[in-house]
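A quick write-up on the structure given underneath.
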Amino acid sequence: MEKLRRALDFCIRHQTSLGYSTVSLLTAAIEQIFSSVVFKCPCNSGNMLYGSTFLLMPAFILFLLGYMVNTRIWRLLTGGCPQENHSSCSPRGTCTQYCLVLAVVTARALVAPLTWIAVALLSASFYECAASGSSLMEDFMCKDKGQECHKLLVKIPCDEKLSKSITDEHLSLQAQSQLIGWLLIASIMTAALIAKCISHCNSPARYLQLKFFKTYSEKEQKLFEIKAKEHATRLAEINTNYFFEGTDPVPFQTPSNEEWKQISSLYTFNSKEQYYSMLHKY
């Protein structure tokens with residue numbers, strides 16, 4: 001039991017990192033299934049379109065899904081366009097806060113699509129198909145080799161022997177793909193490290209207080225959801241009993257619309273105010 005408790009504590013403390021790792025592993029697994037089962041390069045003039053679609057379109061879909069499942073963006077947007085004035089939309093909060101939240105959400109939404117592209121480049125199937133149909137690649141690989149080379153280039157994904165005869169003086173298409181994949185991974189890790197350093201350097205709180213702020217936010221959210229369910233259940237019981245049994249409803253305190261609006265805005269930690277959330281500030 002002690003080992004299980006420690007394992008659970010570890011998962012809770014590192015749930016963000018574990019979540020990103022899980023998303024990355026699932027994305028990599030799906031990419032492998034697509035490349036081995038679904039993907040079949042046509043080996044004709046449609047190589048460029050077909051290969052590019054498999055390389056980029058799933059990444060774009062995963063990017064959109066990353067936005068859709070992120071609750072922070074919906075919390076910011078919900079109610080941003082007042083019902084009494086449809087002609088003007090004015091999101092709550094300052095423009096700086098809005099852009100900051102959008103940047104964080106975008107960074108999180110990019111985890112899955114970038115993983116897809118990186119893994120796809122390392123496996124090389126999609127890139128090899130797309131590059132073999134590219135006019136730029138034709139000019140590069142078939143320079144001074146005649147028209148026959150152009151015809152054979154699109155056949156490379158379907159015949160490995162052709163790759164050796166055409167790319168003897170250059171990196172093969174698979175090698176190019178893997179090289180680009182490793183460069184992409186290195187660039188992503190470098191950008192992530194720089195962004196994290198800048199974020200921590202400009203943080204209004206010190207390291208331990210920032211950890212406390214994150215812990216408080218997680219606990220408050222969990223307790224709020226539990227209390228909200230209990231409150232909603234109790235209010236539903238009172239209203240249904242009044243409808244079916246005709247009993248007079250007992251007085252029951254429910255937050256007003258204005259109170260809901262005040263606590264629904266996203267809160268950005270401010271060292272000048274000793275608050276840790278909009279609920280705390282309220």
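The values are calculated or read from the model by the stated rules, or taken from the named source; none is laboratory data. What you see is a predicted model; the values in this text were computed from it and never measured. No Cβ is skipped: glycine too gets one built from the backbone with ideal geometry, and neighbour counts run over all protein chains shown.
The figures follow:
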{"item": "Conditions (1) of a type in the set (A, V, I, L, M, F, W, C); (2) surrounded by 10 or more Cβ atoms within 10 Å (Cβ to Cβ); (3) modelled with pLDDT of 85 or more; (4) under 25 Å from the mean Cα position of the chain (by Cα): number failed by Leu210", "result": "(3)"}
{"item": "Test: residue in segment 81-99 that is under 21 Å from Leu193 (Cβ atoms), assigned by TED's automatic domain parsing to the domain that holds Gln32 and modelled with pLDDT of 75 or more", "result": "no"}
{"item": "Only one of Leu76, Leu110 that is modelled with pLDDT of 90 or more and farther than 30 Å from Asp159 by Cβ", "result": "Leu110"}
{"item": "Matching residues in segment 23-52 - criterion: being in a helix (DSSP H, G or I) and surrounded by fewer than 15 Cβ atoms within 10 Å (Cβ to Cβ)", "result": "Leu25, Leu26, Ala29, Gln32, Ile33, Ser36, Val37, Val38, Leu49"}
{"item": "Pair list, Cβ < 9 Å and 6+ apart or interchain, from segment 176-191 residues that are under 22 Å from Ser134 (Cα atoms) to residues that are surrounded by fewer than 14 Cβ atoms within 10 Å (Cβ to Cβ) and at pLDDT below 95", "result": "Gln176/His170; Leu179/Leu171"}
